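Novice: One structure, as structure tokens, below. Some questions next.
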Amino acid sequence: MDGKGKIEWAEKNMRVLSRIRKRFEEEKPLDGLRIGMALHVEAKTAALVRTLVAGGAEVAITGCNPLTTQDDVADALRKEERVSCFARRGMSREEYYNALNAVLDFEPDIIIDDGADLIYLIHEKRKVIADRILGASEETTTGVNRLRSMEEDGVLLFPVIAVNDAYTKYLFDNRYGTGQSTWDGIFRATNSLIAGKKVVVAGYGWCGRGIAMRAKGLGAKVIITEVDEIRALEAVMDGFDVMTMDEASLVGDIFITATGNRDVITRKHFLSMKDGAILANAGHFNVEINVEELEKMAHEARELRPNLREYNLGNKKLYLLADGRLVNLVSGDGHPIEVMDMSFANQALAVEYIAKNAEKLEKKVYRMPEELDREVARIKLETLGIKIDELTEEQAKYLSDWREGT
Ligand code: NAD
Ligand code: SAH
């Protein structure tokens, strides 16, 4: 496939980001800056890279997951002026870290990360370059959690904007993006019918809700597992069955993890699962399903279709998708274009914000500034041709006046 065509199609439908790119072309807010990125290298990410370059930046990029790079898009990016791309699909762990190091050799002023591997590498092994870094932005829940822990431990070396925590990110990307793209990845890997199946979703956070909502729409019987009592209760009231993974493992046909945690599905669950059960992860790295244990238990393992691996446990066969890594990005194109439009509009604005405000920022994790978050929503509504009402002066006064009553 031609990566250039994919990028063109994505850009045509990323109308918020395109608007920001046009402004960046005129104002050049990133002139003279070097940006080092670790994101899933595919067409929507390429559109973000081109936006940053339009703003005057030089960019070095690699993947944030060894299996999610689309090589044709990486090739197309290599042909762009002012872009160095080190990503390739199917990297070993060593190659993955070599590529992250190559991004740091480029001496970036600003970092864009997804999962915090690149930022962690700076703190672990490349502290010398931390001094020149003005700030970073982080794309995903797990990355933000890791960075908040670093801040709490007093070890964070530069400011970070938690792009994940923007309303126009997690409410749409994590929920509707993961909701749709996880199923897209599962369809492509399995060609299975979902109607009537028992689908177990581990984690009822923003991603889990999206996955469960779409499973219901496809006609599945949905079971949720949780460790948080409030989220479990929300799942109950949303109409889903809630049980422990020990119970769910006996009845599920398809298991999907979206917790950001490790060892959510382990040996004891593999032992109680039905023959033919399908396992997929849409959450975090490759630790939610304990793949190592599954490999040890299996007499034989073989790839039956792209991204579908059969494990023969003797009395039954289990099927793991995408090596237990993000099924939506390994076995599909990740989130749909229109949702990444908002996520990456936030990234572009976060980078501009760091460039303009670096001196004022401390070594903390900041929320995305709300005015920028709302700007993304405003532009998105405009591009959809949707108008909304405005508060009258009297209404604004009424809402803020504690004297008003019956
Ligand atoms: P979240 O914090 O909103 O939700 C996670 C939920 O998992 C929480 O409700 C938590 O209580 C629950 N949980 C934790 N441990 C559990 C366990 N052992 N069993 C059952 N439930 C458990 O986070 P989120 O925004 O939904 O993100 C979840 C993960 O997905 C993160 O790792 C995030 O980085 C990742 N993510 C992936 C994609 C993607 O494209 N696949 C998109 C966005 C986020
Ligand atoms: N790097 C880790 C962390 C999870 S990635 C890992 O690979 O396991 C989850 C993030 O991927 C989400 O926050 C989402 O914004 C991003 N994402 C989803 N679809 C994408 C796409 N099509 N292109 C680029 N990023 C995408």
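Quick note: the coordinates plus some simple rules give every number you see, no bench work behind them. None of these values were measured; they are calculated from a predicted model. Note: ideal-geometry Cβ built from the backbone for every residue, glycine included; neighbour counts use all protein chains shown.
Novice: How do Trp402, Trp183, Trp206, Trp9 line up, fewest other C-beta atoms within 10 Å first?
Specialist: Trp402, Trp9, Trp206, Trp183
Novice: In addition: Taking amide H atoms as placed 1.01 Å from N in the peptide plane, list the residues 5 or more away in sequence, or in a different chain, whose amide H sits under 5 Å from that of Ala202.
Specialist: Amide H neighbours of Ala202: Thr225, Ile256, Thr257, Ala258.
Novice: A further question follows. Determine by what factor the alpha-carbon radius of gyration of segment 3-50 differs from 2.2 N^0.38 Å, reporting the quotient.
Specialist: 1.20
Novice: How far apart, in nanometres, would the label points at Ile230 and Lys28 be if each is projected 7 angstrom from Cα along the Cα-to-Cβ direction?
Specialist: 4.8 nm
Novice: Could you give the nm distance between label points at Glu107 and Asn312, where each point is 7 Å from its Cα heading toward the beta carbon?
Specialist: Once both label points are built, they end up 5.7 nm from each other.
Novice: Now, a different point. Please list, in order along segment 364-380, the HN-Hα scalar couplings obtained from phi with the Karplus expression 6.51 cos²θ - 1.76 cosθ + 1.60 (θ = phi - 60°), rounded to whole Hz, x for Gly and Pro.
Specialist: Going residue by residue, I get 9, 9, 9, 5, 4, x, 5, 5, 6, 4, 5, 4, 4, 5, 4, 5, 4 Hz, with x marking Gly and Pro.
Novice: Roughly what angle does helix 3-13 make with the longest principal axis of the chain, taking Cα atoms, 0 to 90 degrees, to the nearest 10?
Specialist: 70 degrees
Novice: Specify whether the C-alpha gyration tensor of segment 255-391 places it in the rounded, prolate or oblate class, a ≥ b ≥ c being the square roots of the eigenvalues: rounded for a/c under 1.5, otherwise prolate if a/b is larger than b/c and oblate if not.
Specialist: Here segment 255-391 falls in the prolate category.
Novice: Using amide H atoms built 1.01 Å from N in the peptide plane, name the residues 5+ places from Thr140, or on other chains, whose amide H lies under 5 Å from its own.
Specialist: Amide H neighbours of Thr140, under 5 Å, 5+ apart: Gly115, Asn164.
Novice: Separate question: Which of the peptides 54-61, 227-234 is most tightly packed, and how do the rest follow, going by the mean number of other Cβ atoms within 10 Å of each residue?
Specialist: 54-61, 227-234
Novice: Sticking with this one: Sorted by packing (mean other beta-carbon atoms within 10 Å per residue), highest first, where do 277-288, 151-162 land?
Specialist: 277-288, 151-162
Novice: For the chain, what is the calculated [θ] at 222 nm in deg cm²/dmol (nearest 500), taking -39500 (n - 2.57) for each run of four or more DSSP H residues and dividing by its residue count?
Specialist: -13000 deg cm²/dmol
Novice: Which whole-angstrom value gives the distance between the alpha carbon centres of segment 362-396 and segment 310-333?
Specialist: When both Cα centres are located, 40 Å separates them.
Novice: Can you bin segment 155-264 into rounded, prolate or oblate? Criterion: square roots of the alpha carbon gyration tensor eigenvalues sorted a ≥ b ≥ c, rounded for a/c under 1.5, prolate for a/b above b/c, oblate for the rest.
Specialist: prolate
Novice: State the extension gain, in nm to one decimal, for the chain segment bounded by Glu390 and Glu295, taking 0.36 nm per residue of separation less the distance between their alpha-carbons.
Specialist: 28.4 nm
Novice: Output wanted: per-residue J couplings in Hz (rounded whole) for segment 55-68, from phi through Karplus 6.51 cos²θ - 1.76 cosθ + 1.60, θ = phi - 60°, x for Gly and Pro.
Specialist: So the Karplus estimates, Gly and Pro as x, are x, x, 7, 9, 10, 10, 9, 9, x, 10, 7, x, 10, 9 Hz.
Novice: Also, quick follow-up: Roughly how many whole Å is it from the C-alpha centroid of segment 43-116 to that of segment 118-191?
Specialist: Each part's Cα centre sits 15 Å from the other's.
Novice: Something else about it: Residues of segment 192-227 with amide nitrogen under 11 Å from the 7 Å Cα-to-Cβ point of Glu247?
Specialist: Zone members listed by number: 224-226.
Novice: Restricting the count to DSSP beta bridges whose residues both fall in the chain, what percent are antiparallel, rounded to a multiple of 5?
Specialist: Antiparallel bridges: around 20 percent, rounded to the nearest 5.
Novice: If each of Arg89 and Glu303 carries a label point 7 Å out from its Cα toward its Cβ, how far apart are those two points in nm?
Specialist: Here the modelled spin labels are 1.0 nm apart.
Novice: Let's see if you can work this out: charge +1 on each Lys and Arg Cβ, -1 on each Asp and Glu Cβ, no other charges. What is the dipole magnitude of segment 308-397 about its Cα centre, in debye to the nearest 20?
Specialist: So the magnitude is around 680 debye.
Novice: Using Cβ counts within 10 Å as a stand-in for footprinting exposure, how do Thr141, Thr68 rank, fewest first?
Specialist: Placing the least packed residue first, the sequence is Thr141, Thr68.
Novice: Taking neighbour counts of Cβ atoms within 10 Å as a proxy for exposure, in what order, fewest first, do Glu138, Glu94, Glu25, Glu293 appear?
Specialist: Glu94, Glu25, Glu293, Glu138
Novice: Students often get this wrong, so check it: of Lys22/Lys356; Lys6/Lys221; Lys12/Lys387; Lys44/Lys221, which have C-alpha atoms separated by over 27 Å?
Specialist: Checking Cα-Cα distances, Lys6/Lys221; Lys44/Lys221 exceed 27 Å.
Novice: Further, regarding this structure: I need the peptides 212-224, 358-370 ranked by packing, meaning the mean over residues of other C-beta atoms within 10 angstrom, with the highest value on top.
Specialist: Ranking, from highest mean packing down: 212-224, 358-370.
Novice: Write down the radius of gyration of the chain and its Dmax, each obtained from C-alpha positions, in Å.
Specialist: In Å, with Rg to one decimal and Dmax whole: 22.0, 73.
Novice: Same structure, new question: What is the set of long-range amide H partners of Val242 at a cut-off below 5 Å, with H atoms built 1.01 Å from backbone N?
Specialist: Amide H neighbours of Val242, under 5 Å, 5+ apart: Ile224.
Novice: For segment 337-347, in order, what is each residue's ³J(HN,Hα) by Karplus, 6.51 cos²θ - 1.76 cosθ + 1.60 with θ = phi - 60°, in whole Hz (x at glycine and Pro)?
Specialist: Result, ordered by residue: 4, 5, 7, 5, 4, 6, 4, 7, 4, 4, 4 Hz.
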